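Data first, discussion second: the structure below is written as structure tokens.
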Amino acid sequence: MADITTVTMRTIVSTEPVQFGKYYSLSILGHIMEPSNIRLIFYYPTRGEIELGKTTERLLESLSEMLNSYPIITGRLQKTSEGQWRIKCNDAGVRMIEARATGSVEDWLQKADREEELKLVYWEDMFHNPYFWCTFYIQLTEFEDGGIAIGLSCSHLLADVTCATIFVKAWAETTLFGKMLDPPHFGPFPHLKRGHKLYNDLINCYKIYLEGTKQYMVSTTEKYETVTFAFSDEMVRKCMTESQDDGSILNGSPFAALASLFWLSISKVKGKKELINMSICLDRRNALGLDKAFFGNCMIFSKVLGEDMKEVELRQAAKGISNAMQKMGNEEIMDLVEWLESERDGKKSSDYQPPPINCPDLICSNCENLDPYSSIFEPGVKPIRFSCYVEHVFGEGQVLILPSPEGDSSLSRVAMVTLPEHEVVKLCEEELILQFSPTILMGGKT
């Protein structure tokens, strides 16, 4: 495997000073994601003659310019007198790690696994004094024989995967065009006191999450591995057809079809005759009437119970997933937000320590609406691979359904699956998965 050497770590600040006394409040949907972090890696191919350092120098200049529009990212965490997180916007900046790797990016992608890939995206857990802790990190790794990897990590307290991906896209636009085409929106999260009894399936799900995970002992000895599958347009259509009662793809979705495929397969790999419980996670900006450029957390979880499935087959699983998705509308989410706020406000700030939401169920997240392949820093050079991690993974494991490089014109998808190490090889050999002829892009090696 390629050797990676850190060249330097520096702080990048915006070219214009941040307005004094500016603060940004974080929503309750951000507060409950505090234990998690996001790590993205964008891979760019070899192009022309290689002059190490030149690409990094150019990207640093455009990053400083772009940060003028992101005071929340250059700022630092602070707690209010009520014990709630907010960002004090200032010029503290983001941490930038410059690194070098032997070989080419193409060679790297042939051999990389989860452990190696995470070396391309720097992260530090929160300090005991959060005001001196950076919430965003960027790592630029130049490969000596050509290619570059851009790693971005951030606290899930501030942003979700949509925000993180758009941030890199805005940086690319600033580099290529001298300005970002879709500036971020930092408006307040929608909030409306409902004035009625707060009760729905979403609230019940979060009650289970917040109560159950407190008693869940996170294993520090369990080692997880990630395998990345690529499904062609033809195979995704086949999966959608087989997951619909009428055999049509018109009423289906790639996410529901692939989520049901992995739900069945992972349950079998774990030695279960019935389906294990699964939680689906969706970006609900559309349901909340928010622009895609809204900066904040809009990922909502909903539980799908394995015991509710009468038959262990694709159509039943897909129907259960689709039913859960339909219960994640505007009314249900606004009730959930109010309930979560009442739960937080009813406790002393020192007693409110949200447990990891992403355990112990199998988590399946719909990330297919991300647009990572539009992050183009040079004319005609788009990413050849994109990887996404939502850490830390606990419990049964995690599935992320991602877009493919083919874009909107294709139903092809990429799935990143993280499971206990001994289950990954079994999953790669699972007959139901193999029926859809995926290409393994990373991991799954014995």
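The values are calculated or read from the model by the stated rules, or taken from the named source; none is laboratory data. The shown structure was predicted, so the numbers you read here are calculated from the model rather than taken from an experiment. With ideal geometry, Cβ positions are generated from the backbone for all residues, glycine too; neighbour counts draw on all protein chains shown.
For the stretch 140-160, which residues satisfy the criterion of being hydrophobic (A, V, I, L, M, F, W, C) and part of a loop (DSSP other than H, G, I, E, B)? Even if it seems obvious, please write down each step before you answer.
Initial filter on the stretch 140-160 (hydrophobic (A, V, I, L, M, F, W, C)): 140, 143, 148-150, 152, 154, 157-159.
Result: 157, 158, 159.
Going through 164, 112 one at a time, which residue ends up being under 23 Å from residue 381 (Cβ atoms) and touching a Cys at 6+ places or on another chain (Cβ under 7 Å)? Outline the logic, then answer.
Working: 112 fails: touching a Cys at 6+ places or on another chain (Cβ under 7 Å).
The match here is 164.
Anything in the stretch 360-393 that is surrounded by fewer than 23 Cβ atoms within 10 Å (Cβ to Cβ), charged (D, E, K, R) and assigned to a loop (DSSP other than H, G, I, E, B)? List them, or say none.
Of everything in the stretch 360-393, those that are surrounded by fewer than 23 Cβ atoms within 10 Å (Cβ to Cβ), charged (D, E, K, R) and assigned to a loop (DSSP other than H, G, I, E, B) turn out to be 368, 371, 382.
Is it true that some residue in the stretch 399-422 is closer than 24 Å to residue 322 by Cα, out of contact with any Lys or Arg (no Cβ under 9 Å at 6 or more places or on another chain) and either outside the structural domain of residue 225 (by TED's automatic domain parsing) or charged (D, E, K, R) (or both)?
Yes - at least one qualifying residue is present in the stretch 399-422.
Among what's in the stretch 394-409 and is within 20 Å of residue 165 (Cα to Cα) and touching a residue at least 60 places away in the same chain (Cβ under 8 Å), pick the residue that is surrounded by the fewest Cβ atoms within 10 Å (Cβ to Cβ).
Residue satisfying both the conditions and the ranking: 406.
Answer yes or no: is there a residue in the stretch 388-398 that is in contact with a Ser or Thr (Cβ under 9 Å, 6 or more places away or on another chain), modelled with pLDDT of 90 or more and under 30 Å from residue 178 (Cβ atoms).
yes
Residue check, residue 54 against (1) buried (at least 20 other Cβ atoms within 10 Å of the Cβ); (2) free of Cβ contacts under 8 Å to residues at least 60 places away in the same chain, all met but one. Which one?
Here residue 54 clears every test but (1).
Is it the case that some residue within the stretch 379-392 is in contact (Cβ under 8 Å) with a residue 24 or more places away in the chain and under 17 Å from residue 263 (Cβ atoms)?
Checking the stretch 379-392: not a single residue is in contact (Cβ under 8 Å) with a residue 24 or more places away in the chain and under 17 Å from residue 263 (Cβ atoms).
Within the stretch 287-296, is there a residue that is under 18 Å from residue 401 (Cα atoms), of a type in the set (Phe, Trp, Tyr) and outside the structural domain of residue 158 (by TED's automatic domain parsing)?
Taking every residue of the stretch 287-296 in turn, none turns out to be under 18 Å from residue 401 (Cα atoms), of a type in the set (Phe, Trp, Tyr) and outside the structural domain of residue 158 (by TED's automatic domain parsing).
What pairs come up if the first residue lies in the stretch 130-144 and is touching a residue at least 12 places away in the same chain (Cβ under 8 Å), the second is crowded, with 24+ Cβ neighbours inside 10 Å and of a type in the set (Phe, Trp, Tyr), and their beta carbons are under 7 Å apart, counting only those six or more places apart or on different chains?
As it stands, the answer is 143/108, since those pairs meet every condition given.
Residues to consider are 47, 76; find the one that is more than 30 Å from residue 418 (Cα to Cα), in contact with a Pro (Cβ under 8 Å, 6 or more places away or on another chain) and among the charged types (D, E, K, R). If you could, list the steps in order and put the result at the bottom.
Working: 47 fails: in contact with a Pro (Cβ under 8 Å, 6 or more places away or on another chain).
Of 47, 76, the one residue that is more than 30 Å from residue 418 (Cα to Cα), in contact with a Pro (Cβ under 8 Å, 6 or more places away or on another chain) and among the charged types (D, E, K, R) is 76.
So the check is Cβ under 7 Å with 6+ separation or different chains; which pairs have a first residue in the stretch 422-445 that's in contact (Cβ under 8 Å) with a residue 60 or more places away in the chain and assigned to a loop (DSSP other than H, G, I, E, B) and a second one that's surrounded by fewer than 18 Cβ atoms within 10 Å (Cβ to Cβ) and among the basic types (Lys, Arg)?
Filtered contacts from the stretch 422-445: 436/238.
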